[in-house]
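Data block below; observations after.
The values are calculated or read from the model by the stated rules, or taken from the named source; none is laboratory data. What you are looking at is a predicted structure, and each value in this text was computed from that prediction instead of being measured. Don't worry about glycine lacking a Cβ; one is built from the backbone with ideal geometry, like all the others, and counts go over all protein chains shown. Note: areas computed on protein heavy atoms with side chains; ligands, DNA, RNA excluded. Shrake-Rupley method; radii C 1.70, N 1.55, O 1.52, S 1.80 Å.
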Amino acid sequence: NQSVPKNTALNNFHFILVDTSGDPLPSATVTATRVIDGGSFAACANAVAEIANGVYRINLAASDMNGDVITLRFNATGAKDTLITLTTQ
């Protein structure tokens, strides 16, 4: 877990997307969703962009970060789900 400010935008959040073999997956169309405080998955406010070689970034909006525990899910065709949990302060 990483601690970040609650209800505050978090720009340029980076993550790696891997294929089913565990290798970085470039050029994917990535869907970003989040769970806030154990609720249901909902779409993140902003789209994901690739940096290069399977490394991606997203600008997380304040609305995506408005809870005590945020779980992010990134997925795409041919990819393993990337799950990241953040705790806010």
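Size of the dipole of region 8-89 about the Cα centre, Lys and Arg at +1 and Asp and Glu at -1 on the beta carbon, nothing else charged, in debye to 20?
60
For ALA9, enumerate residues with amide H under 5 Å from its amide H, sequence gap 5+ or separate chain, H modeled in the peptide plane.
ALA62
Less than 13 Å Cβ to Cβ from VAL48, Lys/Arg counted +1 and Asp/Glu -1: what total charge do the surrounding residues give?
So the environment of VAL48 carries a net charge of +1.
Multiplying the sequence separation of ASN11 and THR77 by 0.36 nm and subtracting their Cα-Cα distance, what value in nm do you get?
Working: separation 66, 0.36 × 66 = 23.76 nm, distance 2.48 nm.
Length gained between ASN11 and THR77: 21.3 nm.
Applying the Karplus parametrisation 6.51 cos²θ - 1.76 cosθ + 1.60 with θ = phi - 60° to the phi angles of region 16-26, what ³J(HN,Hα) value in whole Hz is obtained for each residue in order, glycine and proline being reported as x?
10, 10, 10, 7, 5, 8, x, 8, x, 10, x
Given the options ALA62, HIS14, GLY39, identify the residue whose Cα lies farthest towards the positive end of the charge dipole of the chain (+1 on Cβ of Lys, Arg; -1 on Cβ of Asp, Glu).
ALA62
Along the Cα→Cβ direction, 7 angstrom out, place labels at SER27 and ASN53. What is the inter-label distance in nm?
Modelled inter-label distance: 1.7 nm.
Roughly how compact is the chain, stated as its Cα Rg over 2.2 N^0.38 Å to two decimals?
Working it through for the chain, the quotient is 1.04.
For region 27-89, with all protein chains present and a 1.4 Å probe, just round the carbon and sulfur fraction of the accessible area to a whole percent.
On the way: 1440 of 3100 Å².
So the carbon and sulfur contribution to the accessible surface is 46 percent.
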